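The values are calculated or read from the model by the stated rules, or taken from the named source; none is laboratory data. Everything numeric in this text was worked out from a predicted model, so none of it was measured. Neighbour counts run over all protein chains shown; Cβ positions are idealised from the backbone, glycine included. With ligands, DNA and RNA removed, areas are computed over all heavy atoms of the protein, side chains included. Shrake-Rupley method; radii C 1.70, N 1.55, O 1.52, S 1.80 Å.
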Amino acid sequence: KEGDGDAEMKEESKEEVDAPSDDQGLPDAHKFDIGWQAAMWLLAEDGKRLQTLEKMLGATVKAKDSGKIRLQLKEGAPEAALKRAEQCVRAMASLRIGGTVEMYPLPDAKVETELFSVMDIPTTVDRGAIQGKEGKKVREYFAERGVIVAFASEGAKPEGAEEAEAEAARKKAEEPVIFEVGETVSVKYGAEWQDATVLELSDLIIKVKFGHDDSEEQCAKVNVKKKVEPPEEVEKLLLFGDLRGRLELEMSIMQLVEKKAEGYCTKLPDRPELENVKDGIGLTVLPLEKDGKYIPKLVGKGGSCRKRLVAMTSSALEFVGKKAYMVGTTEQRALLVALLKALQASDDNYMKVIPELFLQMSLQTGVHKDSFKAVVGDRRDNMKRIEDESIALVFVLDSGLAEATVSAPKAWKKMAVKEGSLVEVKIKGDWKAAMVVSVTDWGDSDDEEDETDGRVLKVKMADDETEATVPIKSAREKLEGEAAEQRKTEEDEVAKQKDLKTFVIIAPSEEARRACALRIAISAEVDKPGTYAKDASSPPPGSLGEGVAVEKRPLGEGEDWYCKDEAGTARLARAAWAAGCVIQLVEESLYYAGTEVARTMGAAFLKPLLSDSPGAMLGDELAESNKYFVSNDKKDNLTDEVVAKVESEFGVLIYSDDGASISGMEDSTRFVLCHRDEAVREKAVARLKELQEIAPVVDWEDYSSGTWGGGGGGGGGGGGWGEDKKWDDDKKEEKDDKKEEWGDKKEDKSWDDNKDEKKWGHDKWEEEAKKDEWGKKEEAPKEDWGKKDEWSKDSWDKKDDKKDDKSWDKKDDKSWDKKDDKSWDDKKDDKWGKKDDAWDKKDAWDTKEDKGNSWDTKEDKGNSWDTKEDKGNSWDTKEDK
């Protein structure tokens with residue numbers, strides 16, 4: 001709804017267009033108009049959106065606040081490219097409010113190599129599910145993926161278009177109809193058309209089988225026509241941007257559409273042409289095993305398994321219907337397909353053979369079979385936690401490490417024996433000395449399951465001189481001295497391994513595989529203390545490496561609070577990552593896994609994080625740390641989000657302490673950077689120096705596009721997973737809608753339903769209000785209710801000063817009923833003469849005034865309560881205004 005200011009701006013714009021103006025250095029550019037509001041939006045924030053368009057199009061794009069756009073592509077660009085570029089600019093402008101782009105004709109669904117894709121969206125799916133409220137979602141798509149999304153609407157037909165369409169339809173009707181055996185057709189039977197299947201073909205007659213009764217008939221060809229299913233009504237969704245971004249977003253939108261219109265996407269063809277669109281980037285569609293039985297497992301709780309797969313392969317993954325859709329390079333998709341197949345091979349992640357593709361990215365570690373259940377946990381809960389924290393997948397080797405070791409070349413096949421040879425034979429599990437009396441050779445068998453070579457030995461036992469007949473595989477050469485001792489050691493090792501369960505850890509980096517093995521070791525140590533202790537006499541064979549152990553350290557008083565929940569887990573991970581170890585909270589103790597140096601360093605790095613205000617002394621005592629001082633006027637640029645990104649980039653731990661003030665540098669803040677490698681610390685310091693000069697961008701999207709009822713959230717960085725919201729977009733949208741609705745039952749009851757209740761003292765209020773200046777209607781112009789902009793300005797200005805502002809939504813938590821602690825009824829006898837004392841004593845009202853919601857402000861605006869009631873202008877209605 002346009003106000004006087006808008007009309008003025010339009011008038012000025014008209015004068016500017018009509019008057020001679022600067023061509024902005026592009027006299028021969030293509031010119032078109034997008035409207036002054038859209039142009040101003042493109043020009044906002046130093047024109048960053050125009051810069052994005054220029055980079056995306058490889059063109060020069062200029063905008064004037066009148067709405068005029070000048071677009072110039074590189075010399076020699078075809079006319080079609082210019083037309084597509086204009087559509088892209090218009091689509092970008094539509095993001096402002098979630099508008100549409102006019103096109104004629106509307107394009108078919110496709111993916112072009114450069115810049116452009118089109119999706120068919122069934123009309124049963126509401127646009128808002130994709131666009132969001134006032135275009136909020138499409139702006140998020142652009143911010144997260146750099147892809148411009150807009151619905152298309154059919155534009156005006158150019159001159160001669162209708163004649164061309166009619167001619168095309170006539171030519172199509174004249175084309176000969178070709179039928180095929182087995183094809184489903186429509187056959188005229190009496191006055192109706194029936195479905196039938198073609199059995200035989202001739203020039204004039206077609207033999208068909210009717211579907212309704214399986215009868216067969218010969219029909220004249222003129223009475224048979226192609227069966228054409230009525231096309232589903234769709235809208236065209238346009239996507240502009242980088243190829244990979246478009247493919248990934250298309251997957252996400254397909255997943256959303258399938259939830260809203262079940263079965264629509266599963267009917268779509270798999271589109272093998274997208275397997276390799278450009279430079280190896282493409283889309284792979286994998287039908288899932290057993291009719292999608294394993295989808296819950298592949299998704300995981302809260303999407304955990306899917307997120308792990310995405311992180312491990314650097315690809316994108318969505319489950320649509322009973323298929324997995326993957327976007328990435330050829331290698332990334334091949335690895336993801338292999339992982340998905342391995343996960344679907346068994347319910348419990350058992351693996352008979354390690355696939356060749358995994359060999360270079362796998363690590364084997366074993367635990368005693370008695371600890372296996374404790375390490376895995378009920379329903380694999382503990383192992384899933386380990387996988388999530390390590391960003392890895394863990395399988396159980398079904399054959400076992402022991403079998404892999406024992407399956408060395410069989411020594412007996414090469415053993416030469418003859419009468420009088422001294423050997424050892426296996427009797428009831430024990431090896432005993434014997435002498436060969438005779439050898440009978442029955443010849444080697446072709447049977448692959450026969451583990452003998454046909455030789456049978458008759459031996460005399462050394463201990464009691466009894467005789468026995470044994471197959472050659474139950475005999476071995478008798479060794480003496482060092483050779484015998486070495487054989488004994490190897491046998492003991494194999495015996496240990498037979499008691500092990502072997503885990504195969506698959507992760508892209510050696511560091512991730514090692515961290516996963518250490519977490520498994522901690523679980524085993526918790527179950528059987530001493531298994532991996534630093535002084536353990538015989539830890540599980542070949543598991544952790546030289547000098548690596550698990551150490552238990554008790555927590556100090558009050559420190560457990562800082563180690564619990566998600567925030568506590570994050571603190572432990574930050575310290576452990578920087579030190580090169582693993583730290584885990586179990587009950588009231590911390591377990592450290594790694595080398596002696598790493599464990600000690602991890603404990604030192606963690607200490608400052610176990611308090612609200614770490615003292616300077618802790619930082620001074622950290623040998624593996626750098627101290628960096630930042631002036632306070634630049635410290636605001638190093639927000640928590642900025643510092644977290646530096647931590648993630650370099651694997652360092654960064655925190656601030658009071659070291660600057662203690663040193664007399666009151667105008668500075670000291671940052672402490674911890675890492676086991678000095679070179680890494682120096683790189684992180686250099687990055688902080690860069691970032692302290694850059695003001696972080698604050699996204700005020702939620703504030704600028706919301707209404708009074710929208711709670712104050714502001715911005716918000718992504719998590720370490722790069723969480724892509726797309727799994728619960730619908731729930732989020734529903735939640736946002738509910739949050740922004742003022743007309744809910746609770747508020748209706750607060751402001752409207754209760755206005756007649758006696759406990760409000762409404763009669764007294766109305767009677768006294770007539771005498772009070774609040775009730776002076778001549779001082780309460782009705783128009784002022786519409787001046788929301790002034791209210792918003794005051795409110796948001798004060799919001800900046802007071803970050804903990806409580807929105808009107810939150811006020812409802814302290815309902816008016818609760819204010820009746822000193823109820824209005826109790827004040828009936830006091831009348832309004834004692835009003836001043838009551839207002840002064842009411843802390844809750846004072847708080848609201850401090851937070852920008854002043855009752856005086858309402859008085860200044862002339863917002864009479866009587867006027868509100870008479871006009872029915874509830875707060876709910878105000879949002880609509």
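List of remarks:
- Accessible area (Å², 1.4 Å probe, nearest 10) - residue 331: 130
- Only protein atoms count toward the accessible area here, which uses a 1.4 Å probe; on segment 221-350, the carbon and sulfur part of that area reaches 53 percent.
- Stretching residue 364 away from residue 588 to a fully extended chain increases their span by 77.6 nm, per 0.36 nm per residue minus the current alpha-carbon distance.
- A full extension of the chain between residue 617 and residue 338 corresponds to an added length of 95.3 nm, given 0.36 nm per residue minus the alpha carbon distance.
- Ellipsoid equivalent to segment 518-636 - semi-axes via the Cα gyration tensor, in Å: 30, 16, 11
- Portion, in percent, of the accessible area of segment 496-635 that falls on carbon or sulfur, probe 1.4 Å: 49
- Cβ-Cβ FRET estimate between residue 350 and residue 199, R0 fixed at 41 Å, reported to 0.05: 0.25
- Whole-number D in µm² s⁻¹ for segment 603-672, Kirkwood Cα-pair radius fed into Stokes-Einstein, 37 °C, 0.692 mPa s: 261
- Cross-link pairs beyond the 24 Å C-alpha cut-off, checked among 133/322; 259/307; 607/689; 226/322; 31/110: 133/322; 607/689; 226/322; 31/110
- A DSSP coil position with no more than 13 other Cβ atoms inside 10 Å describes the following trypsin sites (Lys or Arg not before Pro) in segment 288-329: 293.
- In Å², nearest 10: area of residue 613 left accessible to a 1.4 Å probe: 100
- Label positions at residue 565 and residue 510, each projected 7 Å from the Cα along the C-beta direction, are separated by 3.9 nm.
- Residue 430-residue 77 pseudo-label distance in nm [points 7 Å out on the Cα-to-Cβ vector]: 9.0
- Values of log10 I(q)/I(0), in the order q = 0.24, 0.34 Å⁻¹, for segment 107-148 under a Debye, Cα-only, solvent-free model: -0.97, -1.04
- Using a Förster distance of 56 Å, the FRET efficiency for residue 37-residue 207 (Cβ separation, nearest 0.05): 0.30
- In this structure, the residue pairs whose Cα-Cα separation is over 22 Å, taken from 137/341; 384/528; 418/488, are 137/341; 418/488.
- Entry comment: accessible area of segment 501-639 is 47 Å² per residue, from protein heavy atoms only and a probe of 1.4 Å.
- Inter-probe distance in nm under a simple model that places probes 7 Å from Cα toward Cβ, at residue 555 and residue 479: 5.1
- By the equivalent-ellipsoid construction on the alpha carbon gyration tensor, segment 261-407 comes out with semi-axes of 30, 18, 14 Å, ordered largest to smallest.
- For segment 470-492, the residues whose amide N sits under 19 Å from a probe point set 7 Å from the Cα of residue 441 along the beta carbon direction are 470-477.
- Per-selection Kirkwood Rh - segment 166-274 (Cα, Å, 1 d.p.): 17.7
- Other residues with beta-carbon under 11 Å from the beta-carbon of residue 201 carry, at +1 per Lys or Arg and -1 per Asp or Glu, a net charge of -2.
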